[in-house]
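To start, the structure itself, in structure tokens.
Readers should treat all values here as calculations from the given coordinates under stated rules, not as data from a laboratory. Keep in mind that what you see is a predicted model, and the values were worked out from it rather than measured. With ideal geometry, Cβ positions are generated from the backbone for all residues, glycine too; neighbour counts draw on all protein chains shown.
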């Protein structure tokens, strides 16, 4: 384990590239460079990654969750998170999804791979949705996690659970208040207009999460139902300024299912 810790501290760029390809399920080849010196083949030979080969010329990087925890600990991408736990309940699942969003985002920011922005299709690799939505490009900036004590937008802007202050949505991934009808987790991003003379637009990404404790399968109907929850929740906001903001924003619904 010491060898892995030493590798991470001495090879930050390669470590971030490795995580980027692993958690994003981005295919690689043996000669894919992870920094100026090291290739995927080098790191496999040295025992720092596991490769899965779905076809003759393509590989996927795989890592146990405990390794991701170690990489995060030494890279300090989002401190004191992704602790290996034997049990996970609904509220910790919500927080895990939010932390995962922060983690992936901040890895990409550090790599400086998408200085000119990234499409939703690239960021949420493998996501199913309308082509016009998946092609939306957004700006990347470092994010932090915030837990709201109230139900956004039903009871107004989010109130930080830690200090009872109203928070600005910028730069945050927010875990919504308990039993909120709109989004379990949400964040605000800025779109990159296709034409230079157009202004940035607010893009509110709303996550709805389904948690099954049985072998029940997550279906398209489940996804539609969760998306409709979001639509119905923000249409009846009483605060005029907040309602105007929501009506002017492009709201994208993302549904994630988990079977325990």
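Please arrange 190, 235 by counting, for each residue, the other beta carbons lying within 10 Å of its beta carbon, fewest first.
Working: 190 17, 235 11.
Arranged by neighbour count, lowest to highest, 190, 235 become 235, 190.
What spacing in nm lies between the two simple spin-label points modelled at residue 76 and residue 35, each 7 Å away from Cα in the Cβ direction?
1.7
Want the number for residue 69 to residue 119: 0.36 nm per residue separation, take away the alpha-carbon distance, what's left? Kindly include the intermediate steps, with their values, before the conclusion.
Numbers: separation 50, 0.36 × 50 = 18.00 nm, distance 2.69 nm.
Value of the extension gain: 15.3 nm.
What is the distance, in nm, between label points placed 7 Å from the Cα along the Cα-to-Cβ direction at residue 241 and at residue 157?
Using points 7 Å along Cα→Cβ, the separation is 0.7 nm.
How do 222, 46, 240 rank when sorted from fewest to most other Cβ atoms within 10 Å of their own Cβ?
240, 46, 222
Sorted from fewest to most neighbouring beta carbons within 10 Å, what does the list 236, 71 look like? Before the final figure, lay out each step's value.
Details: 236 10, 71 25.
Ordered from fewest to most neighbouring Cβ atoms within 10 Å, 236, 71 come out as 236, 71.
Quick check on the chain: take the gyration tensor over C-alpha atoms, sort the square-rooted eigenvalues as a ≥ b ≥ c, and tell me if it's rounded (a/c under 1.5), prolate or oblate.
Because a/c hits 1.5 or more and a/b exceeds b/c, the chain counts as prolate.
Order these peptides, 99-109, 171-181, by their mean beta-carbon neighbour count within 10 angstrom, highest first.
99-109, 171-181
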